[in-house]
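The values are calculated or read from the model by the stated rules, or taken from the named source; none is laboratory data. All figures in this text were calculated on a predicted structure; none of them were measured in a lab. Here the Cβ is made from the backbone with ideal geometry for all residues, glycine too, and neighbour counts use every protein chain on show. Heavy atoms of the whole protein, side chains included, go into the accessibility calculation; ligands, DNA and RNA do not. Shrake-Rupley method; radii C 1.70, N 1.55, O 1.52, S 1.80 Å.
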Amino acid sequence: MSKALIIGSSHVGAYKNAADMFAELYPEAELDYFGVRGPLFLNGGIDKAGRFIVPFRDEKDRAFVVTTNGSESVATSGYDHLLLVGHRFAFVNFAALLRDHDILEGARTGKPRVISKVMLKEIIETVTDMTVEDALRGFEDFGGTLTFAMAPYPASSIVERCGELELADVLDSFWAQPDAAWVYDTWLNHLRNALAAKGHHLLKQPDAVNDGLFATKPKYARKAATLNDGTLGKKDHRHMNADYGLAMLSAFAETRLGLTPQGAMRTSPQKKKKERIA
Amino acid sequence: MAPKAGSEVTVSPYQGLDDRAFWRSGVVEAGTYPPPDIYRPKFPIAKNLPIFTAGSCFAQHVGRTLANAGYHVIDTEPMPDWVPAELAHKHGYKLYSARFGNIYTVRQFLQLLQEAFGNFKPADPVWEKDGRYYDALRPGMTPGGLARPEHVMESRDYHLRAVQEAVAETGMVVFTLGLTETWQHKPSGTVYSTAPGTIAGRIDLEVHSFVNFRASEIRKDFLTVRKIFRAANPDVKFLLTVSPVPLTATASGAHVLPATTYSKSVLRTVAGELAEDFDDFDYFPSFEIVSSHPSAGRFFEPNLRSVKPRGVRRVMRAFLNAHENKPRTKEVRRAQRRALQEDRTADQKAASAEDVICEEELLEAFRK
């Protein structure tokens, strides 16, 4: 039996909502979940007693964490694996840089400035290394390998919110950039190598859920999961549903826990949930 | 103030002058260094006045200090704050109002502005080294060079548009005069920031020649620079400083020490005369604060060339105090003494982000 603890930001909700279906598919795995608001997760770490703790900003924070998880911290000892969910490793910054810059050696899209490939690569590598260091801070004393699953790539449908949400504008411009693939690959390869150099692992989004570069298929953003087993009323295009959670957990089970699914999945977690409610 | 011409007085014309006019009270017994009142701004600088910064490597400190103090320093080729400063500086970003790098001579400044407005075409604008290509006018801005000469030219076109934009919005130019010596492409008069062959390119003494600009040429060049800025904004002001950083090397044939004194004297003369002759020019004595003998060389690193962070802080504090018109109360004096103490300890751990990019230092590598 493999025992893993999933710690992360609000995106843990998608994973947690897939827990039942995951248990059916991978009965040899035992998963526990601990989710907190993004800023708390990013500033959290493991204390000397081996518990993952977060710096509460106020009592509301504390109350939310206790209500959601049943305790305000979680012990990490006794787990074979830690899966950390919620970092973005600065990719949005790199995409934002391409809003004002074309790559000198690449295609022209009428941006007011150009940046050389050499410099852009140096920025991507340096800043990614900094984010890896930040992500590992607080986990130095955890003995095993950490696996990082990023915050889900936003749904490609996020462009519906252009003009209202900066992330939507940034990604809309990035997806229209002919040299986007080079930027994305440079970042992803470097990130994977930077984590591997420190003995850790990156869990990529499976191709089946992706809708291009740094984008998730819109269907995974429908009725996105919240941390407390609910669903988001409005499509925010950033949080994902249980189907996404199951896809990520399956990838984790197969690549990191070495498990294979027991039988085919009959119904998607989303449909199953609908049936339960009906 | 000295008596007016035509008025008869029976006492010495020096009688009644301010303490700052006398060496003993103005320097020896001033109590702090730099002496208080060493600089009286000719015009105020509003925090929202768009400032164009340029000059030799010491000018990087000036721009950075102004920006940190909340002044509006123009940057038409910006990099976001999350890009580490050291990395940005290495590629020429966040140093000056556009990505032109160090401008050591006024002729170089003039040619950049003329080129930006289509009135000058530099000769031999692309240099090659080991199969990589460099902008001859700012070879230090692309470490490792670019893959093709067309990339250099296209990048330069974007840069020149950024220079134009910067000029168009300028309310004040802060310029640090650095050198009189440079290398030029003889047939066209194009001057370069580094001698061909230093970072890239090849020196050809049939085509390239050494030039040591005279005061009259520098003054004339700066007055043309002024015309260009005034065409965009007739109310533009100019604040000049002279870099206290000595020459790394001279090609004049003289010993480097007198060659340095000569160059700095010429630049200081031009700056002083422009400030005396025109209401829109002011001079700030950073050169004197760091280099004159009352500082006893203590603001220089052991190489007697690079200015210590402490020296930079003293210079910039004198500048900001004068412009922010802080009264010299007991509290201010106490704070100054505390700051001096902190200066000494801070020198031990000068932050790398404060390091300046100075291609001129590369010359040292060519000593042997």
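Here the dipole of the protein assembly as shown is about 860 debye; that uses its Cα centre as origin and unit charges on the Cβ of Lys and Arg (positive) and Asp and Glu (negative). Projecting label points 7 angstrom from Cα along Cα→Cβ for A:LYS219 and A:LYS3 puts them 3.7 nm apart. Comparing B:VAL307, B:THR105, B:ILE218 along the charge dipole axis of the protein assembly as shown, the residue lying farthest to the positive side is B:VAL307, per the Cβ-charge model. If you take the Cα centroid of segment B:126-178 and the Cα centroid of segment A:141-214, the two points sit 33 Å apart. Of the peptides B:196-203, A:169-176, B:255-262, the order by per-residue mean of other Cβ atoms within 10 Å, starting with the highest, comes out as A:169-176, B:196-203, B:255-262. In this structure the protein assembly as shown gives 46 Å² per residue of accessible area when probed at 1.4 Å with all protein chains present. Candidate cross-link partners of A:LYS48 among the aspartates and glutamates, defined by an alpha-carbon separation under 17 Å and a same-chain spacing of 8 or more, comprise A:GLU72, A:GLU140, A:ASP141. Shielding of peptide A:114-121 by partners, expressed as the average count of other chain Cβ atoms within 10 Å per residue Cβ, is 6.
Label separation (B:ASN303 vs B:TRP82): 3.5 nm, computed from points 7 Å beyond Cα along the C-beta direction. Across chain B, C-alpha contacts under 8 Å between residues 6 or more apart give a mean separation that, scaled by the residue count, equals a relative contact order of 18 percent.
Across segment B:220-288, Cα-Cα pairs more than 21 Å apart make up 37 percent of the total. When Rg and Dmax are taken over the Cα atoms of chain A, they come to 19.0, 57 Å. Taking the inverse of the mean reciprocal distance over all distinct Cα pairs, the Kirkwood hydrodynamic radius of the protein assembly as shown comes to 28.8 Å. Dimensions of chain B based on its C-alpha atoms, expressed as ranges along the principal axes with the largest first, amount to 71, 51, 44 Å.
Per-residue mean of foreign Cβ neighbours for B:73-79 is 2 (Cβ atoms of other chains, 10 Å radius). About its Cα centre, the dipole of chain A is roughly 720 debye, where the only charges are +1 on Lys and Arg Cβ and -1 on Asp and Glu Cβ.
Over all directions, the projected convex hull of the C-alpha atoms in segment B:1-134 averages 15.0 nm² in area. Between B and A, roughly 1700 Å² of accessible area is buried in total, ligands, DNA and RNA not counted and the probe set to 1.4 Å. Highest mean packing first, where packing is the average number of other Cβ atoms within 10 Å per residue, the peptides B:108-116, B:208-216, B:240-248 line up as B:240-248, B:108-116, B:208-216. Where a ≥ b ≥ c are the square roots of the eigenvalues of the C-alpha gyration tensor, would you call segment B:24-98 rounded, which needs a/c under 1.5, or, failing that, prolate if a/b is larger than b/c, or oblate? It comes out prolate by the Cα gyration axes. Note on B:ALA46 and B:ARG202: with the Förster distance fixed at 41 Å, the Cβ-Cβ geometry gives a FRET efficiency of about 0.30. Legend: helices of chain A (whole DSSP H runs) are marked when their alpha-carbon atoms reach 18 angstrom or more along the helix axis and their mean Kyte-Doolittle hydropathy is at least -1.0; marked are A:117-136, A:180-197, A:242-255.
Measuring between alpha carbons in the structure, the pairs from B:LYS42/B:LYS264; A:LYS121/B:LYS90; B:LYS227/B:LYS264; B:LYS186/B:LYS264; A:LYS111/B:LYS121 lying more than 18 angstrom apart are B:LYS42/B:LYS264; B:LYS227/B:LYS264; B:LYS186/B:LYS264; A:LYS111/B:LYS121. Is the C-alpha gyration tensor of segment B:162-307 telling us rounded, prolate or oblate? Criteria: a/c under 1.5 is rounded; beyond that, a/b larger than b/c is prolate, otherwise oblate. Oblate shape, in that a/c is at least 1.5 and b/c is the bigger or equal ratio. Here is how the number arises for chain B: DSSP H runs of 4 or more residues each give -39500 (n - 2.57), the sum is divided by the residue count, and the result at 222 nm is -11500 deg cm²/dmol. Going from the isolated chain to the complete set of protein chains, segment B:151-189 loses at least 50 Å² of heavy-atom accessible area (1.4 Å probe) at B:HIS151, B:TYR158.
Relative contact order, whole percent, for segment A:1-40 stands at 63, derived from Cα pairs under 8 Å and 6 or more residues apart. For B:SER209 and A:ALA181, the FRET efficiency from 1/(1 + (r/R0)^6), where r spans their Cβ atoms and R0 equals 45 Å, is about 0.40. Partner shielding of A:101-108 amounts to 3, given as the average count of beta-carbon atoms from other chains within 10 Å of each residue beta-carbon. With all protein chains in place and a 1.4 Å probe, the accessible surface of segment A:1-128 carries 50 percent carbon and sulfur.
In the protein assembly as shown, a dipole from Cβ-located charges (positive for Lys and Arg, negative for Asp and Glu) runs towards its positive end, and of B:ASN48, B:ASN321, A:ALA107 it is B:ASN321 whose Cα lies farthest in that direction. What fraction of the Cα pairs in segment B:89-130, stated in percent, has a spacing above 14 angstrom? Of all Cα-Cα distances in segment B:89-130, 60 percent exceed 14 Å. Pairs of Cα atoms nearer than 8 Å and 6+ residues apart set the relative contact order; for segment B:1-144 it is 16 percent. If you plug the beta carbon distance of A:GLU72 and A:THR260 into 1/(1 + (r/R0)^6) with R0 = 51 Å, you get a FRET efficiency near 0.90. Using a/c under 1.5 as the rounded threshold, could you call segment A:141-193 rounded, prolate or oblate? The axes a ≥ b ≥ c are square roots of the C-alpha gyration tensor eigenvalues, and prolate needs a/b larger than b/c, oblate otherwise. It is oblate, given that a/c is not under 1.5 and a/b is not larger than b/c.
Looking only at segment B:285-321, which residues have a backbone nitrogen under 16 Å from a spot 7 Å from the Cα of B:ASP37 in the C-beta direction? Residues passing the 16 Å test: none. Within the accessible surface of chain B, defined with a 1.4 Å probe on protein heavy atoms only, the carbon and sulfur portion equals 53 percent. Projecting label points 7 angstrom from Cα along Cα→Cβ for A:CYS162 and A:ASP47 puts them 4.8 nm apart. Here's the picture: charge each Lys and Arg Cβ at +1 and each Asp and Glu Cβ at -1 in chain A, and of A:THR255, A:ALA221, A:GLY8 the one pushed furthest to the positive end of that dipole is A:ALA221.
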